[in-house]
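Below is one structure, written out as structure tokens; comments come after it.
The values are calculated or read from the model by the stated rules, or taken from the named source; none is laboratory data. These numbers come from a predicted model, not from an experiment. Cβ coordinates were reconstructed from backbone atoms using ideal geometry, including for glycine residues, and neighbour counts include every protein chain displayed.
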Amino acid sequence: MIAGFARLQNAENALVPRLISDAGVDWLVECAPAASPSPAIRAPRHRMLQDAGGWVWPCRLQADLLPFASDSLPAVVLRHLFWLDSGNALLAESIRCLKPGGLLVSISANPWHRCSWQELGRNTLQLPAWPRFLMQHARHQLLLQYPARQQWRGFIPGVAPLLVVVARKPPRAAPVERLRMRRAVRSHGRAVPTSCRAA
């Protein structure tokens with residue numbers, strides 16, 4: 001059931017590397033289908049590949065789990081995993097792993113584009129359309145920064161082959177302690193004269 005998405009490769013190569021470089025990301029984790037070619041991203045990355053049964057490389061895990069600590073990743077790229085049943089759970093798991101202020105790039109094939117039908121056939125009906133794809137991300141507390149050009153192109157059937165959402169995890173506020181004012185203490189006694197003499 002996993003398709004190669006090779007027909008979407010040119011569109012990804014034109015869009016994704018620019019989004020990553022503009023964000024100033026040092027390294028990232030890319031989550032993608034096992035048969036999917038990877039876009040030409042220059043930033044160092046760790047690839048995690050998934051098939052219909054779950055993660056198959058570099059480790060075997062359930063599809064909705066990531067083997068990373070909370071708040072540990074600077075960026076996550078989710079590619080073509082939203083047509084799987086675990087897509088929403090994986091999105092929540094990716095947000096858990098992101099550092100505060102970390103970058104999330106979500107990519108899905110546009111179900112209204114002919115390339116999606118050529119790649120997936122009837123399985124294209126499982127893909128989220130732009131309003132649903134955007135709402136999947138808006139449910140989480142993310143600072144959405146999706147490209148404005150992609151936004152309106154996603155609404156027009158058949159124009160854009162990819163649906164892309166760019167977002168950041170909200171930065172964590174610095175802990176602030178309430179300033180406690182102390183009352184001035186007045187001494188009522190007199191100063192005691194000292195008998196010390198300078199040498």
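Taking L65 as the residue in question, decide whether it is at pLDDT below 85, in a loop (DSSP other than H, G, I, E, B), of a type in the set (A, V, I, L, M) and farther than 22 Å from L15 by Cα. Here the answer is no, as L65 does not meet what is asked. Considering every residue within region 41-54, establish whether at least one is among the β-branched types (V, I, T), in contact with a strand residue (DSSP E or B) (Cβ under 6 Å, 6 or more places away or on another chain) and in a loop (DSSP other than H, G, I, E, B). The answer is no, given that none of the residues of region 41-54 is among the β-branched types (V, I, T), in contact with a strand residue (DSSP E or B) (Cβ under 6 Å, 6 or more places away or on another chain) and in a loop (DSSP other than H, G, I, E, B). Quick one: would you say G4 is within 28 Å of N123 (Cα to Cα), modelled with pLDDT under 90, touching a helix residue (DSSP H, G or I) at 6+ places or on another chain (Cβ under 9 Å) and exposed (fewer than 15 other Cβ atoms within 10 Å of the Cβ)? Yes; evaluated as a whole, the condition is true for this residue. Every test in (1) exposed (fewer than 13 other Cβ atoms within 10 Å of the Cβ); (2) at pLDDT below 90 is passed by A52 save one, and that test is (1). Yes or no: A63 more than 16 Å from the chain's Cα centre (by Cα), crowded, with 17+ Cβ neighbours inside 10 Å and more than 14 Å from R168 (Cα to Cα)? Judged against the criteria, A63 is a match.
Scanning region 68-78 for residues that are outside any loop (DSSP other than H, G, I, E, B) and surrounded by fewer than 20 Cβ atoms within 10 Å (Cβ to Cβ) yields a single hit, P74.
Residues in region 143-159 that are modelled with pLDDT of 75 or more and under 21 Å from the mean Cα position of the chain (by Cα): L143, L144, Q145. If I filter region 17-37 down to residues being of a type in the set (G, A, S) and under 24 Å from K169 (Cα atoms), which single residue comes out as surrounded by the fewest Cβ atoms within 10 Å (Cβ to Cβ)? Per the stated criteria, the residue is G24.
Table: residues versus (1) modelled with pLDDT under 70; (2) touching a His at 6+ places or on another chain (Cβ under 6 Å); (3) in a helix (DSSP H, G or I); (4) more than 30 Å from D26 (Cα to Cα).
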{"position": "P100", "(1), (2), (3), (4)": "no, no, no, no"}
{"position": "S106", "(1), (2), (3), (4)": "no, no, no, no"}
{"position": "R132", "(1), (2), (3), (4)": "no, no, yes, yes"}
{"position": "Q141", "(1), (2), (3), (4)": "no, no, no, no"}
{"position": "V165", "(1), (2), (3), (4)": "no, yes, no, no"}
{"position": "P170", "(1), (2), (3), (4)": "no, no, no, no"}
{"position": "M181", "(1), (2), (3), (4)": "no, no, no, yes"}
{"position": "P193", "(1), (2), (3), (4)": "yes, no, no, yes"}
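The requirement of being within 15 Å of L162 (Cβ to Cβ), touching a residue at least 60 places away in the same chain (Cβ under 8 Å) and not small (G, A, S) is not satisfied by V29.
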